[in-house]
1. Considering only DSSP states other than H, G, I, E and B, which GluC sites (Glu not before Pro) in region 264-332 qualify as loop sites with at most 11 other Cβ atoms within 10 Å?
2. Would you please state the base-10 log of I(q)/I(0) at q = 0.11 1/Å for region 216-354, with intensities from the Debye formula using one equal scatterer on every alpha carbon?
3. How big is the chain along each principal axis, measuring the range of its Cα positions in Å and listing the largest first?
4. Got a sec? Which residues in region 227-270 would a label at VAL364 touch, if it sits 7 Å along Cα→Cβ and we count backbone N under 20 Å?
5. What are the trypsin sites (Lys or Arg not before Pro) within region 62-110 that DSSP puts in a loop, where the Cβ has at most 13 other Cβ atoms within 10 Å?
6. Which residue, chosen from ILE19, ALA224, ALA269, occupies the Cα position most advanced towards the positive end of the dipole of the chain, where the dipole is computed from +1 (Lys, Arg) and -1 (Asp, Glu) charges on Cβ about the Cα centre?
7. Quick one: check the C-alpha center-to-center distance for region 320-399 versus region 141-180, whole angstrom.
8. Please label the shape of region 267-424 as rounded, prolate or oblate, based on the square roots a ≥ b ≥ c of the eigenvalues of the alpha-carbon gyration tensor (a/c under 1.5 means rounded; beyond that, a/b larger than b/c means prolate, else oblate).
Amino acid sequence: MPNIVVVGTQWGDEGKGRIVDLIAERVEIVARYQGGGNAGHTIVLDGRTVILHHIPSGILREDTLSVIGNGVVVDPKVLTEEIRGLREGGFRIDSDNFRLSERAHVVMPYHREIDLGREEMRGESKIGTTGRGIGPVYEDKVARRGIKFSDLLSPEVFSKRLLQVLEDRNLYLTRVLGRDEIPFDRVCDEYLEYGRQLKPFICDTTTLLNMGVGEGKSILFEGAQGTLLDIDFGTYPYVTSSSAGAAGACVGTGVSPSKIDVVMGVAKAYITRVGGGPFPTEVEGEPGEKLRTQGGEFGATTGRPRRCGWFDAVALRYSVMINGISGLALTKMDVLSGFDTLKICTSYKYKGEHIESFPSSQEVLWSCEPVYEEFPGWEEDISGVRDMGDLPPEARRYLDAIEELTGVTIWIVSLGPSRDEVILIKDPLG
Ligand code: IMP
């Protein structure tokens, strides 16, 4: 079985968790490689809704090992609650099926405070972060003042490190952001306790994963957020603080690029974005509202209404290039039933010129006009369809147009949140 990366091709919320869940039963290991509690995967299983923030969706499959890689930033408070929630929901989670990298960085209370304080200060130009401390914890990692899970396991190491870092971060919190100081004693005790609770799961996941590769086990690398939120390739500065693209899988786990066989992109049949930033195909008014209502487009982590728009083939072509996408899983196709006309953006127009490739300039992205091709819609509910031949001809035409305009083949069409609501055109695992 191949090693496969499943990556978001838009601004996140493409339904990666649902696609990972679909494939996870046929791989031995699912490894998450970046992001943190900003992500929220909503999975519907036997009528129950499970929302995961840190733990890979593989955990819902009994015999799959789920790994949180070194590139992920983990809030131990949220993680311990997530573990409890899964256990209460009847899912098995122990050191045989879940592991956390000792190199992963810990989201501390001051990271959340700084995230919120900064957004408040930015006012109108705020990024619209999830408020989970993601930017500040990655910032500390790069500034070499971060705290890793291996540190949490040693009271001496942790308390010494916390004392140093907290002095600096408290100065920033109180003097620059005008917020309250974070007390050392309470945080030290609380986080050492998390370390004790999480100890059975913490290990050198890089060696574990590479041993798995050596034994011929197949790994699914699960990305969070999406390519357009990637720190390098996204719509900077309206991005998250990690490498959400497929290349992040290697940095975020310590598995070499030479071991990756397949990259599958996940895209919604339309497009959404949460938070601020340019969004060329955003639809205001009635069709946008209809997409939001029919698609249930409210954030899994923050509950915020998502901004909705028409499928953007310019952005997708860019994602295909950046990630080297081999095939596409197209989700939420059922949401498009009941529209008279559907639109796909084929290029942008800026100062009278057509732009075919995704611009890096914020100025262009904010002010370009999308150029659309229109397609007739369909009325039928398609959620029960399991074969391409049973789709209305208009839906097939829409899918053909996506393939033609993006140059990538659709392997999976998802028509609803349940495990069986899917058309499998090509098996991504070969
Ligand atoms: P942060 O990751 O919380 O710093 O937020 C930075 C930007 O990424 C904001 O626009 C967020 O709304 C967006 N973002 C972060 N995580 C997700 C996600 O899982 N889905 C969609 N957008 C996200």
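The values are calculated or read from the model by the stated rules, or taken from the named source; none is laboratory data. All values reported here derive from a predicted model rather than from experimental measurement. No Cβ is skipped: glycine too gets one built from the backbone with ideal geometry, and neighbour counts run over all protein chains shown. Calculation scope for accessible area: heavy atoms of the full protein, side chains included, ligands and nucleic acids excluded. Shrake-Rupley method; radii C 1.70, N 1.55, O 1.52, S 1.80 Å.
1. Here the GluC sites (Glu not before Pro) that fit, given the DSSP loop and packing criteria, are GLU284.
2. Reported log10 I(q)/I(0), two decimals: -0.46.
3. 66, 49, 39
4. The answer is 227-239.
5. Sites meeting the loop and neighbour criteria: ARG92.
6. Of the listed residues, the answer is ALA224.
7. Here the two parts' Cα centres lie 45 Å apart.
8. It is prolate, given that a/c is not under 1.5 and a/b is the larger ratio.
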